[in-house]
Amino acid sequence: MQSQGKSMMARTKTLNNPKFVIGDLVHIPSNVMLWAPTGDYSLNTESPAAGVVVDESSHLVTVFVNGRRMNANKNHVYPYKEVTNEGN
């Protein structure tokens, strides 16, 4: 188990300025191409969806969505932002 934790930490540090954090919830708009890391399955989203980030590279993000690990162009996926009512 120890080595798995270290490899996860190493992956989060491979990018100098990551857009996503592993475990974060993301918004996937409609009409976004998603494909399996193995390349044997792909789809275009018909409606917006939510996913969880499992990995990130320079141009791709891997998300867990609808029970599958899927890749997406990271420019087409957006992190959910926390909304606070401070000052009201």
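A short reminder: the numbers here are calculations on the coordinates, not readings from a lab. Computed from a predicted model, the values in this text were never measured in an experiment. A quick note on method: Cβ atoms are made from the backbone with ideal geometry, for glycine too, and the neighbour counts reach across all protein chains shown.
Structure notes:
- Spin-label pair residue 58/residue 22, simplified geometry with 7 Å Cα→Cβ offset, distance in nm: 2.1
- Cα-projected label distance for residue 31 with residue 66, points at 7 Å along beta-carbon direction, nm: 1.7
- Sites residue 40 and residue 76, calculated FRET efficiency, Cβ-Cβ separation with R0 25 Å, nearest 0.05: 0.75
- Neighbour net charge for residue 63 - beta-carbon separation under 11 angstrom, K R +1, D E -1: 0
- Amide H contacts of residue 56 (H built 1.01 Å from N, under 5 Å, at least 5 apart or other chain): 62
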